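Remarks on the structure that follows.
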Amino acid sequence: MTSGRTINTATFLGIPPFPIAAREALADSQLRGNLRHATHTIRTKRARVAAELDDWEQLRVAAADIKDDVLGNMGHYLEQLEESLTRAGASVHWARDGAEANRIVIDIARRHRVEEVVKVKSMATGEIGLNAALEEAGISVWETDLAELIVQLGNDLPSHILVPAIHRNRSEVREIFLREMGKVGMPAEADLSDEPAELAGAARRHLREKFLRAKVAVSGANFAVADTGTLVVVESEGNGRMCLTLPEVLISVVGIEKIVPTWTDLEVFLQLLPRSATGERMNPYTSTWTGVTVGDGPQEVHVVLLDNGRTKVLADEVGRQALRCIRCSACLNVCPVYERVGGHAYGSIYPGPIGSILTPMLRGVGTDEATDALPFASSLCGACYEVCPVLINIPEVLVHLREKVVDSHRGGVPGTLQAAMTGASWTLGASRRLALLQRVAGLSGRLLGRRGLIGRMPPPLSRWTDARDVPAPPRESFRGWWARTDGDRKNAGPPPHTPRKGGEQV
Ligand code: SF4
């Protein structure tokens, strides 16, 4: 039974482009304080536990290699995964885009005549706006991850991949719980304090009745092992374990890039992910399930394999490395831009450095102003690349996408820089063309220059001379002087110079 109340279906639609949203966020000192505290705590822990492993760098290389193998042989691994899942009793569905994936989930829920589902934290379902689609279909969605619950109850938007409520401090969380929990289920105690243990206790009691009641659960997956058809969810609170075991029906929406070939490959990622994400040596809960096990857990298991732009990313030779991402958030926690503006300014479920490359590639460069602003939301300092456990060269992809954004906006007409470079290449390509240009430049220098300087030039060069003078070209070039004097063997003296102000020579 649902409460009948329309729950949070807030979306990123309508958030202004990054430069505007970032300026607004920068004015919020409370937000900056919350973010600074949280990101610095996590990144310090990450650095400490990563340093404990002598083979950390080898693990990163191995992880990148495994993912590249999957990306290079996607067709083969997808077929293998489908076969393994089917053999294990799961039903496999293919979704080209978010709308198709949402329809599949809604149809399954309707078939079971449920009015609500419980949900494990999942980026893929956030990406496709599943909550809003389910709500529209009259099915309530209960987020069960603590941070997702805070976001949902607060009618808010997630601002971090791993800690979606990172922008909230504990007294804000207490207020949200006191105000909202009673409207959708078990209320928080009136004397609730802002102690983390008390807040977690209130969330546990509130969620427990939903876990025990729900017939259908929705999850994502951190990994999908192709040769056995095993899905893996790692988490810290145990809420995921409840969703994955108690309901009768489980629907998992899985991005096609989540594949790892074997359990041996999975082992590499289970070392890298917790250390990079929360600074822990291993996740408190690592749940794995392989289709249906009779008498144990959900007896109907569906897996929705989601493309939603991923094959487009795969076709981009520079950008495809973004599909290695294991959503650890390490790049967010070290990013100086993210630390100051938070996640909402990125206008997407994927904020920070990975969001700046993944969102434009999934949506498509040139889609809208907000999408095209994202590759520029970076200082290119490279801190993200240094911590990324799967060696995604985010700065390289950012520069690549900036180029694509610029190209997409000039509609085939070359920009000033490109026109200048094409002209320079043509001139320097033949000695006589260069000599001719030098003669013309020397002549124009004599006509336009005053005391060795040119004060005004026509557009577009006027953008330079509006603020400063340009040294006039010498009356005779070096090559001209050489030809005239045979390299001074005719003792003709040095080439004539044009004196600058103050006697400096050019
Ligand atoms: S890009 Fe790298 S560091 Fe950032 S979330 Fe993905 S795996 Fe983690």
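The values are calculated or read from the model by the stated rules, or taken from the named source; none is laboratory data. From a predicted model like this one, the values you see are computed outputs, not experimental measurements. Neighbour counts are summed over all protein chains in view; Cβ atoms, including those assigned to glycine, are modelled from backbone coordinates with ideal geometry.
Residues being out of contact with any helix residue (DSSP H, G or I) (no Cβ under 8 Å at 6 or more places or on another chain) and not in a strand (DSSP E or B): count how many of those fall in the stretch 275-310.
5
Residue by residue, here is whether (1) modelled with pLDDT of 95 or more; (2) closer than 20 Å to Thr144 by Cα; (3) surrounded by fewer than 20 Cβ atoms within 10 Å (Cβ to Cβ); (4) of a type in the set (Val, Ile, Thr) holds:
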| position | (1), (2), (3), (4) |
| --- | --- |
| Glu175 | yes, yes, yes, no |
| Gly182 | yes, yes, yes, no |
| Pro187 | yes, yes, yes, no |
| Arg205 | yes, yes, yes, no |
| Gly229 | yes, no, no, no |
| Val233 | yes, yes, no, yes |
| Gly238 | no, yes, yes, no |
| Val253 | yes, yes, no, yes |
| Arg275 | yes, no, no, no |
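Just give me the residues in the stretch 391-422 being at positive phi and either assigned to a helix (DSSP H, G or I) or within 16 Å of the ligand (Cβ to nearest atom) (or both), in sequence order.
Leu391
Answer with yes or no whether Arg340 is basic (Lys, Arg), surrounded by fewer than 24 Cβ atoms within 10 Å (Cβ to Cβ) and farther than 19 Å from Val151 by Cβ.
Here the answer is yes, as Arg340 does meet what is asked.
Quick check: anything in the stretch 417-435 touching a Pro at 6+ places or on another chain (Cβ under 9 Å), surrounded by 15 or more Cβ atoms within 10 Å (Cβ to Cβ) and either more than 30 Å from Gly366 (Cα to Cα) or not basic (Lys, Arg) (or both)?
No, that holds for no residue.
What number of residues within the stretch 222-237 satisfy the criterion of being more than 26 Å from the chain's Cα centre (by Cα) and of a type in the set (Gly, Ala, Ser)?
Total meeting the criteria: 1.
What number goes with the only condition from (1) touching a residue at least 24 places away in the same chain (Cβ under 8 Å); (2) surrounded by 12 or more Cβ atoms within 10 Å (Cβ to Cβ); (3) farther than 30 Å from Met361 by Cβ that Pro460 does not pass?
Only one criterion is unmet by Pro460, namely (2).
Go through the stretch 432-468 residue by residue and tally those that are part of a loop (DSSP other than H, G, I, E, B) and within 20 Å of Thr416 (Cα to Cα).
9
Where in the stretch 2-92 are there helices (runs of 4 or more DSSP H), lying fully within it, with 2 or more residues that are within 20 Å of the chain's Cα centre (by Cα) and modelled with pLDDT of 95 or more?
18-26, 29-51, 56-72
Say whether the condition of being crowded, with 21+ Cβ neighbours inside 10 Å and touching an Asp or Glu at 6+ places or on another chain (Cβ under 8 Å) is met by at least one residue in the stretch 373-383.
No, that holds for no residue.
Out of the residues in the stretch 338-385 meeting the condition of being in contact (Cβ under 8 Å) with a residue 60 or more places away in the chain, within 15 Å of the ligand (Cβ to nearest atom) and part of a helix (DSSP H, G or I), tell me which one is farthest from Leu398 (Cα to Cα).
Glu339
Condition (residue is free of Cβ contacts under 8 Å to residues at least 24 places away in the same chain and either closer than 30 Å to Cys328 by Cβ or aliphatic (A, V, I, L, M) (or both)) applied to the stretch 386-394: is it met by at least one residue?
First pass over the stretch 386-394, keeping only residues free of Cβ contacts under 8 Å to residues at least 24 places away in the same chain: none.
No, the stretch 386-394 has no match at all.
Report the residue count in the stretch 277-300 for those that are surrounded by 14 or more Cβ atoms within 10 Å (Cβ to Cβ) and of a type in the set (A, V, I, L, M, F, W, C).
Of the residues in that region, 3 qualify.
Rundown of residues vs (1) of a type outside the set (A, V, I, L, M); (2) loosely packed, with under 15 Cβ neighbours inside 10 Å, yes/no style:
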{"residue": "Leu53", "(1), (2)": "no, yes"}
{"residue": "Gln58", "(1), (2)": "yes, yes"}
{"residue": "Asp68", "(1), (2)": "yes, no"}
{"residue": "Thr86", "(1), (2)": "yes, yes"}
{"residue": "Gly89", "(1), (2)": "yes, no"}
{"residue": "Val105", "(1), (2)": "no, no"}
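Might you check whether a residue that is more than 9 Å from the ligand (Cβ to nearest atom), in a loop (DSSP other than H, G, I, E, B), touching a residue at least 60 places away in the same chain (Cβ under 8 Å) and more than 15 Å from His167 (Cα to Cα) occurs anywhere in the stretch 321-329?
No: zero hits.
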